[in-house]
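Visitor: Okay, here's the structure, questions in a sec.
The values are calculated or read from the model by the stated rules, or taken from the named source; none is laboratory data. A quick note: this is a predicted structure, and the numbers were derived from the prediction, not measured. Quick reminder, even Gly has a Cβ in these numbers, built from the backbone with ideal geometry, and neighbours come from all protein chains shown.
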Amino acid sequence: MEMNTVKILLGAVLALLIHVFNVFVFRPRSMRAKLQKQGIKGPSPHFYFGNIPEMKKILLQIQSAAPATEVKEKDEGFSLSHNWPFTLFPHVYKWINQYGPMYLFSSGSIHWLVVSDIEMVKEVVMHTSLNLGKPTYLSKDMLPLLGKGIMTSNGSIWVHQRKIIAPELFLVKVKAMVNLMVDSTNTTLRSWEGRLEGEGAVSEIQIDEDLRSLSADIIARACFGSNYIEGKEIFSKLRDLQTLLSKRHAGIPGFRYLPNKSNRQIWRLGKEIDSKIAKLIKQRLEESHEQDLLQMILEGAKNCEGGDGLISDSISCDRFMIDNCKNIFFAGHETTAITASWCLMLLAEHQDWQDRVRAEVLEVCGKNAPDANMLRSLKTLNMVIQETLRLYPPAVFVVRTALQDVNLKGLQIPKGMNIQIPLSVLQHDPLLWGPDAHKFNPERFANGVLGACKVPQAYMPFGIGARVCVGQHLAMIELKVILSQILMKFHFSLSPSYCHSPAFRLVIVPGGQGVVLRMTRI
């Protein structure tokens, strides 16, 4: 009996060793060798950590050399630097210069083919086959935040989710949400007006959290109907979860299972968020049906029980509903709120553009709240939003994985290899955007994206191709509503206390104390 137990243990240990060898040695070497034979090179990875130690070393070198008082002279005509991709991701520039526009690197057990060659970028993002999908680490390392919702799923699961969610966010339906957006925005602006009355003619306002609350209110009302109050309670927990997840390196094997303080907080928040969303779903199932996005998700989940196995083989009905709600909560409010903050920061720095956009808003809207037809006429505001999304795209990288062997422009990409497109680098590339690529110049979008860039596929703040963001119309209209109403009622400039320090927290956010504006009533 004891001998059998020993044999079983030895067999289990041997199986584990074979698995570890396959994950860390054989499979990575095989994938790299196939690409190296085709001329693709890159830095040599560490056995366990990949190239993470080298990435940290390069980042520390750049940060130690960066000036500590970047924006102290802004009142004397000093221009803020928007070249944050080089400051936050210097390894990308270093390795592009060293190995070319396509190179290999590893972050722990995750292996990447970085693609910055614009012709290959076009091939990747416009690829329609389901052989290219989202990397599996997103649904593992980011499981508490994203689960297996529309942002991380692949194949038939993703197709089904998109068919359910996308129609609810078509432009015609989003236009019907404008009045709701106006009402929510007015509530926030009244609180700002109250502060001005209490503090005097000029008030300094840290706008980030207010805009997050506003965006949360809009997405909760628009997509979750009468349950919006319960929906809003989830956002603060998602925000805390996002911050915690951004601090750990995806791909370090076993790290997400360690019971350290950070992981325990992540597990706790994940359970609390799932519980709150499950409660919200249960309330809806017991109530009269509202025709909003939540209702469409619930009806779509019925296919879990349809007997065709489309969903149930990979994800339960409950997970299908909860994960897609989390995806919409996170993507639907966080990225829009951050973009609004960056946009106001840029207009505060560039008073000429602030005056120009305000004049357009007043000409089109007068003293009335904007409606869908008015928003369509706000061309200058649209240019400003587009330029903001170019300089500060919510997503830093576009990522894909080869679910099968794929041929892209003659390059054979083996199954399991991940592809990373450094979107922030492309959208700041002087060869594509001109010598002022790092400067705020909305005029470049006067004739649309086609007139702004030599290759329009280099501009994709909402993604492009088959996996373009389903919520792009909602985000653009929400931004126009919020910004137009702020411009109608307030004049604003950057506070002397504002320190320009973009930070990476899964998305690019204002670092330090956030965006602080000096505001006056018009």
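Visitor: With the structure loaded, tell me whether Val481 is of a type in the set (Val, Ile, Thr) and either modelled with pLDDT under 95 or not in a helix (DSSP H, G or I) (or both) or whether it fails that test.
Guide: no
Visitor: May I pose another question? Name the residues in the range 129-140 that are surrounded by fewer than 18 Cβ atoms within 10 Å (Cβ to Cβ) and of a type outside the set (S, T, N, Q), would you?
Guide: Those that are surrounded by fewer than 18 Cβ atoms within 10 Å (Cβ to Cβ) and of a type outside the set (S, T, N, Q): Leu130, Lys140.
Visitor: Within the range 372-386, can one find any residue that is more than 15 Å from the chain's Cα centre (by Cα) and of a type in the set (Ser, Thr, Tyr)?
Guide: Initially, the range 372-386 is screened for residues more than 15 Å from the chain's Cα centre (by Cα), giving 372-386.
The next check asks that each one be of a type in the set (Ser, Thr, Tyr); those that pass are 377, 380.
Checked against the condition, which is being more than 15 Å from the chain's Cα centre (by Cα) and of a type in the set (Ser, Thr, Tyr), the range 372-386 yields at least one hit.
Visitor: Just need a number here: residues in the range 89-148 that are closer than 30 Å to Leu269 by Cα and acidic (Asp, Glu).
Guide: Residues meeting the conditions: 1.
Visitor: Looking at the range 195-219 only, could you name the residues that are in a helix (DSSP H, G or I) and touching a residue at least 24 places away in the same chain (Cβ under 8 Å)?
Guide: Listed by number, the residues that qualify are Leu196, Asp208, Glu209, Leu211, Arg212, Ser213, Leu214, Ser215, Ala216, Asp217, Ile218, Ile219.
Visitor: Of these, Glu119, Glu123, which one is acidic (Asp, Glu), in contact (Cβ under 8 Å) with a residue 12 or more places away in the chain and crowded, with 16+ Cβ neighbours inside 10 Å?
Guide: The conditions single out Glu123.
Visitor: Return the residues of the range 174-194 that are at pLDDT below 90 and either part of a helix (DSSP H, G or I) or closer than 17 Å to Leu487 by Cβ (or both); say none if nothing qualifies.
Guide: Val174
Visitor: What residue, among those in the range 455-467 that are at pLDDT 90 or above and surrounded by fewer than 18 Cβ atoms within 10 Å (Cβ to Cβ), is farthest from the chain's Cα centre (by Cα)?
Guide: Among residues in the range 455-467 that are at pLDDT 90 or above and surrounded by fewer than 18 Cβ atoms within 10 Å (Cβ to Cβ), the one farthest from the chain's Cα centre (by Cα) is Val455.
Visitor: Which residue is farthest from the chain's Cα centre (by Cα), if the candidates are limited to the range 499-510 and must be modelled with pLDDT of 90 or more and in a loop (DSSP other than H, G, I, E, B)?
Guide: In this case the residue turns out to be Cys499.
Visitor: May I pose another question? For Gly251, are the conditions met, namely being modelled with pLDDT under 80 and either assigned to a helix (DSSP H, G or I) or in contact with a helix residue (DSSP H, G or I) (Cβ under 7 Å, 6 or more places away or on another chain) (or both)? It would help to see each step written out before you state the result.
Guide: Numbers: modelled with pLDDT under 80: yes; either assigned to a helix (DSSP H, G or I) or in contact with a helix residue (DSSP H, G or I) (Cβ under 7 Å, 6 or more places away or on another chain) (or both): yes.
So Gly251 passes the test.
Visitor: So how many residues does the range 141-167 have that are surrounded by 22 or more Cβ atoms within 10 Å (Cβ to Cβ) and either among the hydroxyl-bearing types (Ser, Thr, Tyr) or modelled with pLDDT under 85 (or both)?
Guide: Of the residues in that region, 2 qualify.
Here is a yes/no grid of residues against (1) over 30 Å from the mean Cα position of the chain (by Cα); (2) at pLDDT below 75; (3) of a type outside the set (A, V, I, L, M):
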site	(1), (2), (3)
Val13	yes, yes, no
Val23	no, yes, no
Phe26	yes, yes, yes
Ala33	yes, no, no
Leu59	no, no, no
Pro67	no, yes, yes
Lys74	no, yes, yes
Leu88	no, no, no
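Visitor: Name the one entry in Leu403, Leu408, Leu426 that is buried (at least 22 other Cβ atoms within 10 Å of the Cβ) and closer than 22 Å to Phe105 by Cα.
Guide: Criteria check complete, one pass: Leu426.
So that you can scan it fast, the table gives a plain yes or no per residue for (1) more than 15 Å from Val178 (Cβ to Cβ); (2) of a type in the set (Gly, Ala, Ser); (3) out of contact with any strand residue (DSSP E or B) (no Cβ under 9 Å at 6 or more places or on another chain):
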{"position": "Gly366", "(1), (2), (3)": "yes, yes, yes"}
{"position": "Ala369", "(1), (2), (3)": "no, yes, yes"}
{"position": "Ala372", "(1), (2), (3)": "no, yes, yes"}
{"position": "Ile385", "(1), (2), (3)": "yes, no, yes"}
{"position": "Leu391", "(1), (2), (3)": "yes, no, yes"}
{"position": "Pro394", "(1), (2), (3)": "yes, no, no"}
{"position": "Thr401", "(1), (2), (3)": "yes, no, no"}
